[in-house]
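Here is the structure we will look at, set down as structure tokens.
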Amino acid sequence: MQLEKSEFINITLFCGGRGSANLVKEFVRRSNVKLNLVLNGYDNGLSTGVIRVLVEGILGPSDFRKNLSHLLEIHSPNQYFIIDCLEYRFPKEINNDEIINYLHDYNLLKKAPGLSSIIDGLDDDTIGLFRKYLKVFADFYKAQGRPADFDGCSLGNLIFAGVFIDKNCDFNKTLDEIMDVFSSKINASLCNVSRGENRFLCGLKEDGEFLSDEALMVEKQSKAKMKGIYLLEKQPDSDLIEKINNSTVDEAHDYLIGLHRPPKISKKAKECIENCDILIYGSGTQYSSTFPSYQTSGISE
């Protein structure tokens, strides 16, 4: 393909959270590249799992947050402050009630350990986004009255959750709102591969080992090959796990296929794929990151 130097190269990249990071960073350095990252939100490990249990219907925000950090990394000192804020995690000695108080009052948040110097470096648009949606999340949490453990939870995930709640639990509108603030700073976009349907990823190995969530799929496991991966409407509970563990591999696979509900491709993802000059199937932990995206209804077409 021959392109004139003045032309933009429109690149669409399927990716996970970190596997294609170096590729992403190289592309965003180039002024003649328009980059679209297409990814899914099926991760549910650690702090992401806490958010997905607490906020019903939300997809995992962590991979979107990580990629936003990759996109922002090289452009200005202000954006380094944004990345530090997105990736910030409250120290373990701060309890949940204290964390919620910090989130509810932005002036108080500025006094959180290790945050004061970071927040002072943010631009007004970013401050407005953070202030508004952290308070939305704090109010939601107080109204729910359900305990949650925010130990190790990134500030960026809590911001995503606040936007999701404010946008009537529409994940793609959540992404649009966040990218509206940052689009002037980067020549790239984040795109959810699906229309936002909530799904939970699980996998089955050929030796019968059932990986009941995405977190288990990236941890140490047997060396057996993967029999299949499945996108379920509900997170596997103890009854389903017991049923799978007490079935033969073929019986378990057939049963999980019956529960498999691939979501539909989003309008934006369809446009990113159809209109790109180059389409890249990115590197990473394939079964937990990119293969689930390829299962989206409408992608293969």
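The values are calculated or read from the model by the stated rules, or taken from the named source; none is laboratory data. Since the structure is predicted, the reported quantities are computational estimates derived from the model, not experimental observations. Every residue, glycine as well, gets a Cβ built from its backbone with ideal geometry; the counts of neighbours run over all protein chains shown. Accessible surface is based on the protein model in full, side chains and every heavy atom, while ligands, DNA and RNA are left aside. Shrake-Rupley method; radii C 1.70, N 1.55, O 1.52, S 1.80 Å.
Residue by residue, here is whether (1) farther than 30 Å from D123 by Cα; (2) crowded, with 21+ Cβ neighbours inside 10 Å; (3) free of Cβ contacts under 8 Å to residues at least 40 places away in the same chain holds:
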position: K173; (1), (2), (3): no, no, yes
position: F182; (1), (2), (3): no, no, no
position: A188; (1), (2), (3): no, yes, no
position: S194; (1), (2), (3): yes, yes, no
position: R199; (1), (2), (3): yes, yes, no
position: M217; (1), (2), (3): yes, yes, no
position: K225; (1), (2), (3): yes, no, yes
query = Is it the case that D125 is modelled with pLDDT under 90, part of a loop (DSSP other than H, G, I, E, B), among the charged types (D, E, K, R) and open to solvent by 20 Å² or more (accessible area, probe 1.4 Å)?
reply = no
request  = Quick one: Q235 ticks every box in (1) in contact with a Cys (Cβ under 9 Å, 6 or more places away or on another chain); (2) closer than 24 Å to R52 by Cα; (3) surrounded by 18 or more Cβ atoms within 10 Å (Cβ to Cβ) except a single one, so which number is it?
outcome  = (3)
request  = Considering every residue within the stretch 264-282, establish whether at least one is surrounded by 18 or more Cβ atoms within 10 Å (Cβ to Cβ), part of a loop (DSSP other than H, G, I, E, B), within 18 Å of the chain's Cα centre (by Cα) and at positive phi.
outcome  = no
inquiry  = So N157 ticks every box in (1) in contact with a Ser or Thr (Cβ under 7 Å, 6 or more places away or on another chain); (2) of a type outside the set (A, V, I, L, M, F, W, C); (3) open to solvent by 50 Å² or more (accessible area, probe 1.4 Å) but one. Which box is left unticked?
reply    = (3)
task = State all residues of the stretch 177-196 that are among the charged types (D, E, K, R) and within 20 Å of E56 (Cα to Cα); if no residue qualifies, say none.
result = E177, R195
Single unsatisfied condition, K34 versus (1) open to solvent by 10 Å² or more (accessible area, probe 1.4 Å); (2) part of a loop (DSSP other than H, G, I, E, B) = (2)
task = Please indicate, with yes or no, whether at least one residue in the stretch 37-46 is open to solvent by 10 Å² or more (accessible area, probe 1.4 Å) and in a helix (DSSP H, G or I).
result = yes
ask   = Of (1) part of a helix (DSSP H, G or I); (2) in contact with a Cys (Cβ under 9 Å, 6 or more places away or on another chain); (3) not β-branched (V, I, T), A143 satisfies all except one. Which?
value = (2)
request  = Determine, yes or no, whether I11 is in a loop (DSSP other than H, G, I, E, B), in contact with a Lys or Arg (Cβ under 9 Å, 6 or more places away or on another chain) and either buried (at least 22 other Cβ atoms within 10 Å of the Cβ) or modelled with pLDDT of 90 or more (or both).
outcome  = no
task = Take Y230 and decide whether it is under 18 Å from E209 (Cβ atoms), in contact with a helix residue (DSSP H, G or I) (Cβ under 6 Å, 6 or more places away or on another chain), surrounded by 12 or more Cβ atoms within 10 Å (Cβ to Cβ) and at pLDDT 95 or above.
result = yes
ask   = Within the stretch 175-211, can you find the residues that are polar (S, T, N, Q) and at pLDDT 95 or above?
value = N192, S194, N198
